[in-house]
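Written below as C-alpha cells is the structure these notes are about.
The values are calculated or read from the model by the stated rules, or taken from the named source; none is laboratory data. Treat the numbers as computed from the prediction; the structure is a model and nothing was measured. When we count neighbours, we look across all protein chains shown, and the Cβ atoms used for this are built from the backbone with ideal geometry, even at glycine.
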Amino acid sequence: MYQDLTDLDNALSVDVKDKNITEQAIVDEQTKAIEEAINALEYKPANYSKLNSALAQVPEDLSIYTDESVERLNSVIESLNYDLNITQQDEADKQVEALLEAINSLEKRYILGDVNLDGEITILDAKWVLQNIVRLRSLDGLSLKAADMNQDGKITILDARLILFAVTRF
Ligand SMILES: [Ca+2]
Ligand SMILES: [Ca+2]
C-alpha cells in the first residue's frame, strides 16, 4: 500500500509506555515524530499495466481512420492521468475502459460510392449496388455505408444511378 514505511517504523519502535509524566516532553516529541512520519507516507502508484497494454492496442497507422474517431482517441490519450495512486485504482481502470472504447470506435475512412473499397468509384461499384438490390451480393460494413450514396439508410436503384452519374462525371 505504501512505498516506504521505514520512518514510521522507526518512530513507532520507541517504547513510550513506561515513561512517566515528567517525561511528557519526550512522549510529545515521539508523538510528533510519528505524526510526521505518517504525513510523509506516500501511496504506491496505481497499477498501470492494463492501461499500458490498452495503449499497445492503438493502431500504428491512424491515417486509415476518420478524423473524428482519431480525434476522439487522441483526446482520451491526452487526458490520461499517470499520477494516480493505489487508492485510486478504480479511476485508473476507468481510463482503461475509456481508452479501449475509443480504440474500438475507430471508424475506417471510406469514399462514398466506392462500394468495393478499391479506392475509386467505377462502374463496378454501381454493379455491386445493383447486385445487392437483386440479392446476388450482400454488402456489409464499409461497403454498405459507401453504397448509400444519398445517405437515406437504404440501398436502392437511386444509389446505383448516383454512382453511375459520378462515374460519368470523372
Ligand atoms: Ca470502387
Ligand atoms: Ca440510399
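Scanning the stretch 30-48 for residues that are under 22 Å from ASP90 (Cβ atoms) and either among the basic types (Lys, Arg) or under 14 Å from the mean Cα position of the chain (by Cα) (or both) returns LYS44, TYR48.
Count of the stretch 124-144 residues, restricted to those that are at pLDDT below 95 and either buried (at least 18 other Cβ atoms within 10 Å of the Cβ) or away from ligand 1 (no atom under 13 Å from the Cβ) (or both), is 2. Mind listing whichever residues of the stretch 93-117 are closer than 23 Å to VAL70 by Cβ and within 9 Å of ligand 1 (Cβ to nearest atom)? Passing the criteria: ILE111, GLY113, ASP114, LEU117.
Can you tell which of VAL76, VAL96 is surrounded by 12 or more Cβ atoms within 10 Å (Cβ to Cβ), within 14 Å of SER49 (Cα to Cα) and in contact (Cβ under 8 Å) with a residue 12 or more places away in the chain? Among VAL76, VAL96, only VAL96 is surrounded by 12 or more Cβ atoms within 10 Å (Cβ to Cβ), within 14 Å of SER49 (Cα to Cα) and in contact (Cβ under 8 Å) with a residue 12 or more places away in the chain.
Name the residue that is surrounded by the most Cβ atoms within 10 Å (Cβ to Cβ), counting only residues in the stretch 99-123 that are within 16 Å of ligand 2 (Cβ to nearest atom) and among the β-branched types (Val, Ile, Thr).
VAL115
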